[in-house]
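Student: My questions all concern the structure below.
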Amino acid sequence: MQIKRRKTRQIKVGKLFIGSEQPISVQSMSAIPASKVDKCVSQALEMQAAGCDIFRFAVPNMEAVKVFEAAKSAGVTMPLVADIHFDHRLALECAYGGADKIRINPGNIGSDDKVREVVKACRANGLPIRIGVNSGSLEKEILAKYGSPTPQALAESAMYHARLLEKFDFYDTVISIKSSNSKNVVEANRILAEKCDYPLHIGVTEAGSLNTGILKSAVGIGALLMDGIGDTVRVSLTADPKEEIKAARDILKAVGYGGNGINLVSCPTCGRTQIDLVSLVSEFEKRIDGIKVTRPITVALMGCAVNGPGEAREADIGIAGGKGEALLIKKGQIIRKIPEDKIIEELIEAIENL
Ligand code: SF4
């Protein structure tokens, strides 16, 4: 059954829209100081090529503001976000300096008047604002009320800031609530989703290393997506940001938002396996991004012909391994045998001719 997405308003970010009528976009963030403009621009181009939809730079000083114009002149077309803390003047400069979205934590921007100035600059340039709330940024009063950064406290803080922007007649808002605890992320976003129709940027922050971070993110982001909550995602990893894109796309695929891509199914192997399925799956995964498909396709790589064809029946196409060969199977029907050294080539050709 298809997941019914929570209905949200649509927010324009550069050339993209974020919201329930749009595909779920994938974001990442640079760890390079934005004042190292050339390095940041090269990284942005790499991230764009890797499938990143929206990319963010931390802007700690005026020097860093140049990164937006420089990236655009170099051919970066994906929307770029300015991440601002503490100094609202940086947000103003970025709004006029080529950023496509401003991320602020209104809690540390200062007085309402400063927030009003940021709103004015964003409105003048047609930019949305992301309110980013996390466990470490709660207002003293809210923290005192709840005693700790509970999901209720996080959601209340987010709504407080959204209402502040509404007071200035600003509604082009995306909200994120993040925590390093997947369960809190899920609960806080569920509460928030009930209280507003703003698109939600979801993710588990400080999730950890490649393996741990992907697991925590898959639990937090995956649970929300299955509820229909979440319009743009970021997987935060202590790793190359290209890994964040891959992980986010894999999570989307696992939930069923794979788009026109390949959903790979493979068996765990067992005592019946007579083929090197581990190497075959690894080889296929390396080639997967280069395979031309124009619709969602499930491909099954199964270890044997005893259960393989049956287990792969749900797949569009696949193989079931034998001794020194494999059966090519389409929708549960055996098509022909392929010698072991030609399995990947012939499978890819068959997929592209589906
Ligand atoms: Fe074992 Fe065959 Fe099932 Fe793979 S498909 S787990 S090899 S029985």
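Just so you know, all these numbers are worked out from the coordinates, no wet-lab data involved. None of the values given here were measured: they were computed from a predicted structure. Quick reminder, even Gly has a Cβ in these numbers, built from the backbone with ideal geometry, and neighbours come from all protein chains shown.
Student: Would you mention how many residues in the stretch 8-32 are within 12 Å of L200 (Cβ to Cβ) and in a loop (DSSP other than H, G, I, E, B)?
Tutor: 5
Student: Does I319 meet the test of being among the β-branched types (V, I, T), over 21 Å from T269 (Cα atoms) and assigned to a strand (DSSP E or B)?
Tutor: no
Student: For the subset of the stretch 264-280 comprising residues that are within 11 Å of the ligand (Cβ to nearest atom) and exposed (fewer than 13 other Cβ atoms within 10 Å of the Cβ), which member is farthest from the chain's Cα centre (by Cα)?
Tutor: To start, the set of residues in the stretch 264-280 that are within 11 Å of the ligand (Cβ to nearest atom) comprises 265-275, 277.
Add one more test, that the residue is exposed (fewer than 13 other Cβ atoms within 10 Å of the Cβ), and what stays is 268, 270-271.
Values: P268: 27, C270: 34, G271: 38 Å.
Taking the candidates together, the pick is G271.
Student: OK, next. On the basis of being within 14 Å of the ligand (Cβ to nearest atom) and either crowded, with 16+ Cβ neighbours inside 10 Å or in a helix (DSSP H, G or I) (or both), does A350 make the cut?
Tutor: Details: within 14 Å of the ligand (Cβ to nearest atom): no; either crowded, with 16+ Cβ neighbours inside 10 Å or in a helix (DSSP H, G or I) (or both): yes.
So A350 does not fit the description; no.
Student: Another question, then. Show me the helices (runs of 4 or more DSSP H) found entirely inside the stretch 90-147 where at least 2 residues are under 26 Å from the mean Cα position of the chain (by Cα), over 18 Å from D172 (Cβ atoms) and not charged (D, E, K, R).
Tutor: Per the criteria, 106-109.
Student: Would you point out which residue out of L237, L252 is under 15 Å from the mean Cα position of the chain (by Cα), part of a loop (DSSP other than H, G, I, E, B) and under 23 Å from R130 (Cα atoms)?
Tutor: Just one listed residue meets the conditions, L237.
Student: Residues that are within 16 Å of the ligand (Cβ to nearest atom) and within 28 Å of G213 (Cβ to Cβ): does the stretch 237-246 have at least one?
Tutor: no
Student: So which residues in the stretch 214-238 are among the aliphatic types (A, V, I, L, M) and buried (at least 18 other Cβ atoms within 10 Å of the Cβ), if there are any at all?
Tutor: Listed by number, the residues that qualify are I214, A218, I221, A223, L224, L225, I229, V233, V235, L237.
Student: Taking the stated definitions as given, is K342 more than 16 Å from the ligand (Cβ to nearest atom), crowded, with 16+ Cβ neighbours inside 10 Å, basic (K, R) and over 14 Å from L354 (Cβ atoms)?
Tutor: no
Student: Next up: Say we look at the stretch 281-321 and pick out the residues that are in contact with a Ser or Thr (Cβ under 7 Å, 6 or more places away or on another chain) and not hydrophobic (A, V, I, L, M, F, W, C); which of these is farthest from the ligand (Cβ to nearest atom)?
Tutor: Per the stated criteria, the residue is D316.
Student: Scanning for something buried (at least 17 other Cβ atoms within 10 Å of the Cβ) and over 22 Å from L16 (Cβ atoms), does the stretch 165-172 turn up at least one residue?
Tutor: No.
Student: Evaluate the stretch 74-82: report whether one residue or more is surrounded by fewer than 17 Cβ atoms within 10 Å (Cβ to Cβ), among the small types (G, A, S) and in contact with a Pro (Cβ under 8 Å, 6 or more places away or on another chain).
Tutor: no
Student: Could you grab me the full set of residues in the stretch 322-335 that are part of a strand (DSSP E or B) and either within 12 Å of the ligand (Cβ to nearest atom) or crowded, with 17+ Cβ neighbours inside 10 Å (or both)?
Tutor: Those that are part of a strand (DSSP E or B) and either within 12 Å of the ligand (Cβ to nearest atom) or crowded, with 17+ Cβ neighbours inside 10 Å (or both): E325, A326, L327, L328, I329.
Student: Can you find, within the stretch 178-213, the residue that is farthest from the chain's Cα centre (by Cα) among those that are surrounded by fewer than 22 Cβ atoms within 10 Å (Cβ to Cβ) and not in a helix (DSSP H, G or I)?
Tutor: Out of the qualifying residues, it is C196.
Student: For G303, are the conditions met, namely being more than 27 Å from the chain's Cα centre (by Cα), of a type outside the set (S, T, N, Q) and surrounded by 14 or more Cβ atoms within 10 Å (Cβ to Cβ)?
Tutor: The answer is yes for G303.
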